[in-house]
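Asks: Mind looking over this structure? Questions follow.
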Amino acid sequence: MTVLEELADPRPSPGPAAVRVRIAMLTFHRPQDLAEVLPLLTAQADEAARHRWPAGRSLDVGIVIVDNDPAGSGRPAVRASGVSVHYVVEPTPGIAAARNRALDETTGADIVVFIDDDERPHPRWLVGLLETHFATGAAAVAGPVISQFVGDLDPWVAAGAFFHRRRLPTGTRIEVAATNNLLLDRRQVDALRLRFDRRFGLSGADDTYFSSSLHRSGAEMVWCDSAIVTDVVPAERMTRSWVVRRAFSSGNSSALVAVELRERVLGRTATRLRQIGRGLIRCAAGGTRFAAGLVLTAPSHQTRGLRTLARGAGMLVGSASLIYQEYGAASKRKRRLRRLGPVN
């Protein structure tokens, strides 16, 4: 059963020419994170609405929460926050279903901005994304994510730079982006009829496929380096086993998406062979570096070699159209690997 709740917004309604902006956040079993991030999102919305935009532009900024727990476990935290939001439960399992629900609930908006429930936006985060979008007219604008750890990070994990993320000059064109810090121009996205592919819903690769499809369509995606969010990393994601699995998953997603984006048989076969070759090279290079690290007692070589090896192995699996279900296979009784089905 779908549950919908919207609290009254005490702010005055903007004029009819206002740009409709919606901050979309997915959540699943994280009530404490919700309680912490909702006031921050409200502050971002207020800051953007009051910002002096060029040409007299005004904004209508709202917040949409999509709870992927059928029981609606996030509802009490939303109510307790006192924050005015549009809250909806999406009972279908999988991140892709929740992301598509966010698109459905923001129909009519000009801009939707995705952020994760375990992230915290920095000051001027939303303003930065919007400024870059208005200046470039890009279909998508992505920003950096900085990790913050709940405890001391294992030196072995730190040496592997597993949590290192890209930083680019603002305005740099990009070809792929995650939805953990992403602005989308709804008019451009809707014109292309893009949706998040539910086949990737339990792997997390649906945003890679979505943004790669957006890029391949010819739409422009750019970077905004000032639109920063902090990713709060819990203890269970700071372990050696988790970061190695994430490296494998990343390689799996990149190869799988590269193959799936090719519609013709010859193009798909050529891409598959290319990804196999790249995966083998990574496995060989990573294995060699890992072995050298053991001989030299050099943790950085060990960890970075293992990271490269794991990513290469993931690419080989993805090249075979096997998808790694990172989110839906927590139980050891369930298969983590399955063959990717046809397009829905």
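Asks: With respect to the numbered conditions (1) crowded, with 23+ Cβ neighbours inside 10 Å; (2) at pLDDT 95 or above, which one is the sole condition not fulfilled by Pro76?
Replies: Tallying (1) crowded, with 23+ Cβ neighbours inside 10 Å; (2) at pLDDT 95 or above, Pro76 fails exactly one: (1).
Asks: Shifting gears a bit: Looking at (1) over 21 Å from Phe210 (Cα atoms); (2) over 15 Å from the mean Cα position of the chain (by Cα); (3) buried (at least 21 other Cβ atoms within 10 Å of the Cβ); (4) not small (Gly, Ala, Ser), which is the one condition that is false for His86?
Replies: Looking at each condition in turn, His86 falls short on (3).
Asks: Please enumerate the residues belonging to the stretch 141-180 that are of a type in the set (Phe, Trp, Tyr) and either in a strand (DSSP E or B) or touching a Lys or Arg at 6+ places or on another chain (Cβ under 8 Å) (or both).
Replies: Phe149, Trp156, Phe162
Asks: Restricting the stretch 284-331 to residues that are assigned to a strand (DSSP E or B) and touching a Phe, Trp or Tyr at 6+ places or on another chain (Cβ under 9 Å), which is nearest to Asp197 (Cα to Cα)?
Replies: Ile323
Asks: I would also like to ask the following. For the stretch 239-271, give me each residue that is within 20 Å of Pro342 (Cα to Cα) and of a type in the set (D, E, K, R).
Replies: Glu260, Arg262, Glu263, Arg264, Arg268 - these are the residues of the stretch 239-271 that are within 20 Å of Pro342 (Cα to Cα) and of a type in the set (D, E, K, R).
Asks: Also, quick follow-up: Inspect the stretch 19-39 for any residue being closer than 21 Å to His133 by Cβ, under 20 Å from the mean Cα position of the chain (by Cα) and not in a strand (DSSP E or B) and give the result as yes or no.
Replies: The answer is no; no qualifying residue exists.
Asks: Being within 30 Å of Gln302 (Cβ to Cβ), out of contact with any Phe, Trp or Tyr (no Cβ under 6 Å at 6 or more places or on another chain) and in contact (Cβ under 8 Å) with a residue 12 or more places away in the chain is the requirement here; does Arg167 meet it?
Replies: Answer is yes for this residue.
Asks: Please determine whether any residue of the stretch 247-260 is closer than 29 Å to Gln32 by Cβ, polar (S, T, N, Q), surrounded by fewer than 17 Cβ atoms within 10 Å (Cβ to Cβ) and in contact (Cβ under 8 Å) with a residue 40 or more places away in the chain.
Replies: Checked against the condition, which is being closer than 29 Å to Gln32 by Cβ, polar (S, T, N, Q), surrounded by fewer than 17 Cβ atoms within 10 Å (Cβ to Cβ) and in contact (Cβ under 8 Å) with a residue 40 or more places away in the chain, the stretch 247-260 yields no hits at all.
Asks: Residue under question is Ser217, and the condition is that it be closer than 25 Å to Gln325 by Cα and of a type in the set (S, T, N, Q); does it hold?
Replies: When the stated conditions are applied, Ser217 does not pass them.
Asks: Do we have Asp197 as under 25 Å from Met25 (Cβ atoms), of a type outside the set (Phe, Trp, Tyr) and at pLDDT 95 or above here?
Replies: Judged against the criteria, Asp197 is not a match.
Asks: Name every residue in the stretch 52-74 that is within 14 Å of Asp33 (Cβ to Cβ) and either part of a helix (DSSP H, G or I) or small (Gly, Ala, Ser) (or both), in order of residue number.
Replies: Once the filter is applied, which keeps residues that are within 14 Å of Asp33 (Cβ to Cβ) and either part of a helix (DSSP H, G or I) or small (Gly, Ala, Ser) (or both), the stretch 52-74 yields Ser73, Gly74.
Asks: Does at least one position in the stretch 201-214 carry a residue that is surrounded by fewer than 20 Cβ atoms within 10 Å (Cβ to Cβ) and not polar (S, T, N, Q)?
Replies: So far as the stretch 201-214 goes, no, none of its residues is surrounded by fewer than 20 Cβ atoms within 10 Å (Cβ to Cβ) and not polar (S, T, N, Q).
Asks: Let me ask you something else. Considering only residues that are in a helix (DSSP H, G or I), buried (at least 22 other Cβ atoms within 10 Å of the Cβ) and among the hydrophobic types (A, V, I, L, M, F, W, C), look in the stretch 128-140 and name the one that is nearest to the chain's Cα centre (by Cα).
Replies: Checked the stretch 128-140; the qualifying residue nearest to the chain's Cα centre (by Cα) is Leu129.
Asks: Answer yes if at least one residue in the stretch 243-263 is in the same structural domain as Gln325 (by TED's automatic domain parsing), in a helix (DSSP H, G or I) and aromatic (Phe, Trp, Tyr), and no otherwise.
Replies: Yes, some residue in the stretch 243-263 is in the same structural domain as Gln325 (by TED's automatic domain parsing), in a helix (DSSP H, G or I) and aromatic (Phe, Trp, Tyr).
Asks: Among the candidates Ala270, Ala329, Ala255, Ala292, single out the residue that is out of contact with any helix residue (DSSP H, G or I) (no Cβ under 9 Å at 6 or more places or on another chain) and at pLDDT 95 or above.
Replies: Selected residue: Ala270, the only one of Ala270, Ala329, Ala255, Ala292 that is out of contact with any helix residue (DSSP H, G or I) (no Cβ under 9 Å at 6 or more places or on another chain) and at pLDDT 95 or above.
The values are calculated or read from the model by the stated rules, or taken from the named source; none is laboratory data. Just so it is clear, the model here is predicted, and its values are computed rather than measured. We place every Cβ from the backbone using ideal geometry, glycine too, and count neighbours over all the protein chains shown.
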